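Following: one structure in structure tokens, then a few remarks.
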Amino acid sequence: GVPVSERAIPSTIFKADPSVRKQYLSMWCRDSFNRQETISVRDVLDWEYYKERLGKAIQKIITIPAAMQKLSNPVPRVVHPDWLQKTIMRRNDKYKQHTLTMFTANTKPASELSRKPLFLIGSEPKESVAEASEMDVD
């Protein structure tokens with residue numbers, strides 16, 4: 001329950017005499033260590049904290065990018081965060097309601113369509129009249 005910054009322990013204490021080591025570690029860690037004859041670094045480390053940090057690093061580097069690329073979780077021991085699980089479920093929902101824009105996404109907008117210029121009857125350019133007369137001749 002103590003913040004990490006308040007749990008800092010000098011590494012040289014583990015090279016000290018066992019009685020001195022036990023005295024200072026009991027004081028700094030607020031634990032008596034009565035059951036143990038020797039105290040090592042492994043007894044003092046907060047393994048859950050480091051497991052959580054490693055898991056978050058694996059999520060950032062491996063599992064989240066894999067999920068965004070629609071791949072299954074390559075590291076099943078590291079569970080997806082809730083927000084990512086919801087995103088995956090929404091993306092893979094077979095009852096998802098489709099929008100109209102989804103059906104028209106591949107078409108060009110009206111501004112990009114090539115339009116023929118509009119002319120009033122009798123005001124067509126001479127080129128188009130010449131082309132029309134050539135078509136009639138053939």
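All of the numbers you see were taken from the coordinates with simple rules; none came from a lab. These figures come from a predicted structure and were not determined experimentally. Positions of Cβ are generated from backbone atoms using ideal geometry, with glycine treated the same way; all protein chains shown enter the neighbour counts.
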Q | Charge dipole magnitude, Cβ of K and R +1, D and E -1 - the stretch 57-101, Cα centre, debye nearest 20 | A | 80
**Q.** SER19 paired with LEU54, simple spin-label distance in nm, labels 7 Å along Cα-to-beta-carbon
**A.** 3.7
(Q) For the stretch 20-89, take the convex hull of the Cα atoms, compute a quarter of its surface area, and give me that in nm², please. (A) 6.6
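Provide the gained length on full extension for the span TYR95 to TRP28, in nm with one decimal, where the gain is 0.36 nm per separating residue minus the Cα-Cα distance. Mind dumping the intermediate values first?
Details: separation 67, 0.36 × 67 = 24.12 nm, distance 5.72 nm.
Gain on extension, TYR95 to TRP28, equals 18.4 nm.
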Q. With labels modelled as points extended 7 Å from the Cα through the Cβ direction, what inter-label distance (nm, one decimal) is found for LEU45 paired with MET68?
A. 3.1
